[in-house]
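Asker: Dropping the structure in here first, questions after.
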Amino acid sequence: MNELENQLEYIEKCKKLIERIAEEKGRSLTACISTFGCQMNARDSEKLTGILKQAGYVITEDENADFVLYNTCTVRDNANMRVYGRLGVLNGYKKRNPDMKIALCGCMMQEETVVEKIRQSYRFVDLIFGTHNIFRFAELLYRTLTETQTVIELWKETDKIVEDLPVERKYPFKSGINIMFGCNNFCSYCIVPYVRGRERSREPEEIIKEIRALVKDGVKEVMLLGQNVNSYGKNLADPISFAELLRRVHAIEGLARIRFMTSHPKDLSDELIEVMKTSPKICRHLHLPLQSGSTRILKAMNRRYTKEDYLALADKIRKEIPDIAITTDIIIGFPGETKEDVDETIDVIKHVSFDNAFTFIYSKRTGTPAAAMENQVPEEIVKEGFDRVLKVVQETAKKQALLLQGRIESVLVEEPNEHDPSLLTGRMSNNMLVHFPGDTSLIGSIVNVSLDECHGFYYFGKRVEQ
Ligand code: 5AD
Ligand code: SF4
């Protein structure tokens with residue numbers, strides 16, 4: 001029996017068990033998944049939800065449920081802290097519902113110190129698994145429901161990719177697609193290569209097959225996901241470039257939009273720029289993490305490009321694809337960073353005029369080379385640099401947004417506006433949001449909207465008939 005068949009069998013076993021428990025209790029059983037961190041985790045959670053749903057759980061957003069799973073992130077320490085805080089609350093629920101099962105998975109669980117802490121101080125946790133064996137969730141769920149002691153299964157690595165397990169999408173009209181797993185870059189601050197393992201690409205045929213099925217099921221927009229999509233396919237038996245994969249995805253009939261994340265500047269090819277330029281379905285958005293604008297810091301970060309390399313690349317992209325939005329990630333407070341280094345970062349932000357940027361305070365991750373560096377930056381200096389960077393990012397983002405004033409853009413309508421239900425929220429090709437009056441029946445369709453009023457990062461507008 002192959003792994004897929006094995007797991008499908010466990011789903012059936014769980015289903016019988018859950019039906020029986022539900023009958024005993026006289027009500028259906030509920031399950032809740034809370035996701036921390038990035039788009040990869042969000043996609044993993046859709047797969048985990050698919051399994052829970054097929055096993056017979058009613059999915060809820062209320063953490064006071066019969067089965068609660070935290071899909072954790074450990075890229076920065078604040079995400080870890082939130083998990084510990086919320087586990088305390090879950091314990092309270094469990095006291096009132098002793099049959100409740102609490103499970104933890106994701107990147108944080110790949111750290112030995114974390115698992116040790118949970119074993120010692122959070123003994124009410126029933127299941128712990130990691131990133132490499134996520135495809136074994138159905139089997140682990142079954143064990144959790146039938147065994148009394150905590151089930152812990154952690155793998156150090158894997159070369160397996162199990163295809164075709166059930167998935168439950170959060171949005172009917174858009175979906176993430178994993179094209180690769182892991183990362184080989186070892187940026188010196190980053191824990192991802194340690195918790196997500198080495199780079200593995202999915203076969204292009206599997207990716208295309210999955211997207212075709214999604215399109216048939218109503219998906220209009222896909223987001224191709226990988227830690228470093230620009231090195232996609234290099235290690236396949238039959239190597240293929242990311243640009244070539246994009247060409248093949250572009251050819252899928254019925255698919256309207258393609259996004260991808262994340263691009264490493266050192267691997268971004270001219271071939272990719274050319275494909276983006278000539279493929280109307282590829283969204284006008286490139287997320288290109290800068291991390292720092294100082295060549296000295298970039299070297300210490302092991303990013304393998306200089307300030308000048310980044311500027312030249314950004315200039316080339318802006319020249320070739322003028323309406324593209326370039327967004328980025330920036331870390332402030334990397335060991336040894338001086339005021340002058342932050343000035344260099346600000347210089348790049350102004351030059352590239354980023355459409356948006358995520359700014360992060362450097363977080364020391366145990367086991368990474370940067371954590372052992374001696375010259376950690378004092379908190380007040382980091383804060384000062386962070387505030388300066390944020391201010392400039394806000395200025396360039398606003399400047400870029402204002403360039404669109406008065407234009408008519410096609411948007412994918414995603415949801416009702418959070419604050420005003422008479423408004424809808426749509427996403428433009430360049431990833432910016434616009435809020436406009438409309439009926440919820442439009443959700444999932446692509447419509448034209450005029451960009452009337454700029455509010456910094458987003459617009460208010462009106463629907464314009466095609
Ligand atoms: N501290 C702060 N930010 C980090 N990132 C990754 N590791 C760290 C860290 N140790 C940021 C990078 C990356 C984004 C996903 O998270 O900017 O691009
Ligand atoms: Fe981390 Fe660098 Fe890999 Fe991104 S490319 S996941 S920052 S090691």
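The values are calculated or read from the model by the stated rules, or taken from the named source; none is laboratory data. Predicted model only: the values in this text are computed from it and were never measured. Positions of Cβ are generated from backbone atoms using ideal geometry, with glycine treated the same way; all protein chains shown enter the neighbour counts. These accessible areas exclude ligands, DNA and RNA; they are computed on the full protein's heavy atoms, side chains included. Shrake-Rupley method; radii C 1.70, N 1.55, O 1.52, S 1.80 Å.
Asker: Going through the stretch 435-464 one residue at a time, which ones are closer than 20 Å to A357 by Cβ and buried (at least 18 other Cβ atoms within 10 Å of the Cβ)?
Answerer: C454, Y459
Asker: Could you check, for the stretch 103-115, whether at least one of its residues is of a type in the set (S, T, N, Q), touching a Leu at 6+ places or on another chain (Cβ under 8 Å), surrounded by 17 or more Cβ atoms within 10 Å (Cβ to Cβ) and under 25 Å from M40 (Cβ atoms)?
Answerer: Yes, there is a match, as at least one residue in the stretch 103-115 is of a type in the set (S, T, N, Q), touching a Leu at 6+ places or on another chain (Cβ under 8 Å), surrounded by 17 or more Cβ atoms within 10 Å (Cβ to Cβ) and under 25 Å from M40 (Cβ atoms).
Asker: Hey, any hits in the stretch 314-329 for a residue that's farther than 25 Å from K174 by Cβ and either touching a Gly at 6+ places or on another chain (Cβ under 8 Å) or crowded, with 16+ Cβ neighbours inside 10 Å (or both)?
Answerer: Checking the stretch 314-329: at least one residue is farther than 25 Å from K174 by Cβ and either touching a Gly at 6+ places or on another chain (Cβ under 8 Å) or crowded, with 16+ Cβ neighbours inside 10 Å (or both).
Asker: Tell me which residues, restricted to the stretch 172-228, are surrounded by fewer than 21 Cβ atoms within 10 Å (Cβ to Cβ) and among the acidic types (D, E).
Answerer: Selection gives E199, E203, E205, E206, E210, D217.
Asker: Give the residues of the stretch 272-298 that are assigned to a helix (DSSP H, G or I) and over 20 Å from S231 (Cα atoms), sorted by residue number.
Answerer: T278, T295, R296, I297, listed by residue number.
Asker: Among the residues in the stretch 167-189, are any part of a helix (DSSP H, G or I), within 16 Å of ligand 1 (Cβ to nearest atom) and within 30 Å of G233 (Cβ to Cβ)?
Answerer: no
Asker: Please go through the stretch 282-296 and give me each residue that is more than 21 Å from the chain's Cα centre (by Cα) and open to solvent by 10 Å² or more (accessible area, probe 1.4 Å), ordered by number.
Answerer: T295, R296
Asker: Would you please list the contacts, defined by Cβ atoms under 8 Å and residues six or more apart or on different chains, that run from a residue in the stretch 355-366 that is over 26 Å from L403 (Cβ atoms) to a residue that is open to solvent by 50 Å² or more (accessible area, probe 1.4 Å) and hydroxyl-bearing (S, T, Y)?
Answerer: T366/T113
Asker: Can we say E244 is outside any loop (DSSP other than H, G, I, E, B) and more than 16 Å from ligand 2 (Cβ to nearest atom)?
Answerer: yes
Asker: Given the residues D323, D315, D329, which is the only one that is in a loop (DSSP other than H, G, I, E, B) and either modelled with pLDDT under 95 or under 30 Å from S279 (Cα atoms) (or both)?
Answerer: Only one candidate qualifies: D323.
Asker: Still on this structure, please answer the following. Return the pairs, sorted by first residue and then second, in which the second residue is among the aromatic types (F, W, Y) and away from ligand 2 (no atom under 11 Å from the Cβ), the first residue lies in the stretch 289-308 and is touching a residue at least 40 places away in the same chain (Cβ under 8 Å) and within 13 Å of T328 (Cβ to Cβ), the beta carbons are less than 7 Å apart, and the residues are 6+ apart or on different chains.
Answerer: Qualifying pairs under 7 Å: L290/Y310; S292/F334.
Asker: I'd like the full set of residues that are of a type outside the set (D, E, K, R) and either in contact with a Gly (Cβ under 7 Å, 6 or more places away or on another chain) or part of a helix (DSSP H, G or I) (or both), limited to the stretch 404-432.
Answerer: V411, L412, V413, L424
Asker: Return the residues of the stretch 333-372 that are in a loop (DSSP other than H, G, I, E, B), more than 16 Å from ligand 2 (Cβ to nearest atom) and either of a type in the set (S, T, Y) or surrounded by fewer than 19 Cβ atoms within 10 Å (Cβ to Cβ) (or both); say none if nothing qualifies.
Answerer: Hits for the stretch 333-372 are G336, T338, S353.
Asker: Considering each residue of the stretch 376-400, count those that are at pLDDT 95 or above and either within 14 Å of H435 (Cα to Cα) or open to solvent by 20 Å² or more (accessible area, probe 1.4 Å) (or both), and give that number.
Answerer: Qualifying residue count, the stretch 376-400: 17.
Asker: Looking at (1) of a type in the set (V, I, T); (2) within 30 Å of Y189 (Cβ to Cβ); (3) open to solvent by 70 Å² or more (accessible area, probe 1.4 Å); (4) touching a Ser or Thr at 6+ places or on another chain (Cβ under 6 Å), find the lone condition where I408 falls short.
Answerer: Of (1) of a type in the set (V, I, T); (2) within 30 Å of Y189 (Cβ to Cβ); (3) open to solvent by 70 Å² or more (accessible area, probe 1.4 Å); (4) touching a Ser or Thr at 6+ places or on another chain (Cβ under 6 Å), only one is false for I408: (2).
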